[in-house]
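For reference, the structure is listed below as structure tokens.
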Amino acid sequence: MLAVTFQAPGEVAVEERPEPELQAADDAIVRVEASGICGSDLHIYHGRVPVERGFTIGHEFVGTVLAAGRDVERVAVGDRVLGCFHTACAMCVACVRGDYHRCRRGRTFGHGSKLGDLQGAQAEQLLVPRANLTLRRVPDGMSAEVALFAGDVMGTGYHAIVHAGTRAGDTVAVLGLGPVGLCAVQAARAAGAARVFAIDTVAARLDMARTFGATPIHLTEEDPKRAVRAATDGLGVDVAVDAVGDPGPLELAISLARDAGTVSGIGAYAGRGEVPLGLAWLKGLTIRAGLANVIAHVDRVLALTSAGVLDPSPLVTHHMPLADAAEAYRIYDRREALKIVLTP
């Protein structure tokens, strides 16, 4: 089968790989119909996340179940399914609490040996461990490119909002309008936010946020602090979401949040950085950060998507064959695409 493999920083390849085989009673094998290139895949692409040469990458997928172990009950051979970006055991202390993203036995698709040694989804077939928890049936009539979002990007945007405790009538600022940030804008509106401020430098992304009901603010051509303060009677927002994962946006999020507000850091942070902890302390902020608990949210996200409350379809700007993955990564790295869907 064909699979997209990491070769070196800035280089991926499409190579032949053996077809996967069932290894445990709760495994499934999925024939991949569509997979996505995610912003976190760029961390691998650039070598910031260590992945072995030749490892199959990718963690977003929709497909059909080809085989299932004897303990798989929630899906069956022939079912059209979507997958969450990581697995969880459902039995450890974290899982019993519902914190599936902190599972002690969790494994992330396509992220190398340090994150579970689980081959990725940018391939023609995929081994899916813990299938009862990892997979969900795709609702009737839902396209692959829409279902793809529930297991990662929309689930992550949704997590950024609910994890912050957003309530109806709140004001929200979202910094960074990549796919996760734009999904957070939609999720904030779905949660009943009275006003959502969307901050970025890319005009097309600001325009898209406007179509989702947000107030766009250009990061450099406007003064986000002044604009947000003016619109909130000088208070700041109830919830500020950093969807970038960098000290700069996190610092701005802390500045935009009202006293006793919440900062939700959903971007993929790496390494060290300086943020104004003194200001956060003085304002009495709650700061919540970390991987999204997508498994806990996926059913709600699917229900909201099926009802049309959430709609990620405008975010898909490119469809490309799996065989052209190397070019797809170059396009995505140049920010010439918002979301690329690969099809075998």
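In the Gaussian network model of the chain, springs joining C-alpha atoms below 10 Å, which of Ala168, Ala253, Ala289 carries the largest mean-square fluctuation?
Greatest mean-square fluctuation among the candidates belongs to Ala168.
Given all pairs of different Cα atoms, what value in angstroms does the Kirkwood hydrodynamic radius of region 1-151 take?
Mean inverse Cα-Cα distance, inverted, gives 15.4 Å.
In bins 10 Å wide, starting from 0, what share of all Cα pairs of region 31-90 does each bin hold, as a percent?
Here the calculated profile for region 31-90 is 19, 42, 28, 11.
What dipole magnitude, in Debye to the nearest 20, does region 93-214 give about its Cα centre under +1 on Lys/Arg Cβ and -1 on Asp/Glu Cβ?
The calculated dipole for region 93-214 is roughly 500 debye.
What accessible area per residue, rounded to a whole number of Å², is obtained for region 66-119 using a probe radius of 1.4 Å?
Accessible area per residue: 54 Å².
Over the chain, with every protein chain in place, what whole percent of the accessible area is carbon and sulfur at 1.4 Å, could you tell me?
Carbon and sulfur atoms account for 49 percent of the accessible area of the chain.
Compute the acute angle (0 to 90°) between the alpha-carbon long axis of helix 294-306 and the principal axis of greatest extent of the alpha-carbon atoms of the chain; round to the nearest 10°.
Relative to the chain, helix 294-306 is tipped by roughly 80 degrees.
Using the Cα atoms as the points, what is the convex hull volume per residue of region 169-272 in Å³?
Looking at region 169-272, the number lands at 88 Å³ per residue.
Taking a quarter of the surface of the Cα convex hull of region 131-170, what do you get in nm²?
Over every viewing direction, the Cα hull of region 131-170 projects on average to 4.1 nm².
Can you tally the net charge around Ile161? Count Lys and Arg as +1, Asp and Glu as -1, for every other residue whose Cβ sits under 12 Å from the Cβ of Ile161.
Every neighbour counted, the sum reads +2.
Would you check the accessible area of Tyr269, probe 1.4 Å, heavy atoms only, in square angstrom rounded to 10?
90 Å²
For region 119-191, what is one quarter of the convex hull surface built on the Cα atoms, given in nm²? Kindly include the intermediate steps, with their values, before the conclusion.
Details: hull surface 26.5 nm².
Directional mean of the projected Cα hull area for region 119-191 stands at 6.6 nm².
Treating the angle as unsigned and between 0 and 90°, give the value, to the nearest 10°, between the Cα long axis of helix 153-162 and the longest Cα principal axis of the chain.
Around 40 degrees separate the two axes.
How large is the direction-averaged shadow of the alpha-carbon convex hull of region 302-344, in nm²?
The number I arrive at for region 302-344 is 3.5 nm².
Can I get the semi-axes of the chain's equivalent ellipsoid? Compute them from the C-alpha gyration tensor as square roots of 5 times the eigenvalues, in angstrom, largest first.
Numbers: eigenvalues 227, 87, 72 Å².
Equivalent ellipsoid semi-axes, largest first: 34, 21, 19 Å.
Mind computing the radius of gyration and Dmax over the alpha-carbon atoms of region 71-220? Å is fine for both.
Gyration radius and largest Cα-Cα distance of region 71-220: 17.6, 54 Å.
Per residue and in cubic angstrom, what volume does the convex hull of the Cα atoms of region 246-290 have?
60 Å³
Compute the distance from the alpha-carbon center of region 277-344 to that of region 136-153, in whole Å.
Region 277-344 and region 136-153 have Cα centres separated by 13 Å.
Starting from one equal scatterer on each C-alpha and no solvent at all, send me the Debye-based log10 I(q)/I(0) for region 205-257 at q = 0.16, 0.25, 0.29 Å⁻¹, two decimals.
-0.49, -1.17, -1.31
Taking every eigenvalue of the Cα gyration tensor of region 231-337, multiplying by 5 and rooting it, what semi-axes result, largest first, whole Å?
One finds semi-axes of 32, 20, 14 Å for region 231-337.
The values are calculated or read from the model by the stated rules, or taken from the named source; none is laboratory data. This one's a predicted model, so the numbers in the text were calculated from it and none came from an experiment. Positions of Cβ are backbone-derived with ideal geometry, glycine not excepted, and every protein chain shown enters the neighbour counts. Ligands, DNA and RNA are excluded from the accessible area calculation, which covers all protein heavy atoms including side chains. Shrake-Rupley method; radii C 1.70, N 1.55, O 1.52, S 1.80 Å.
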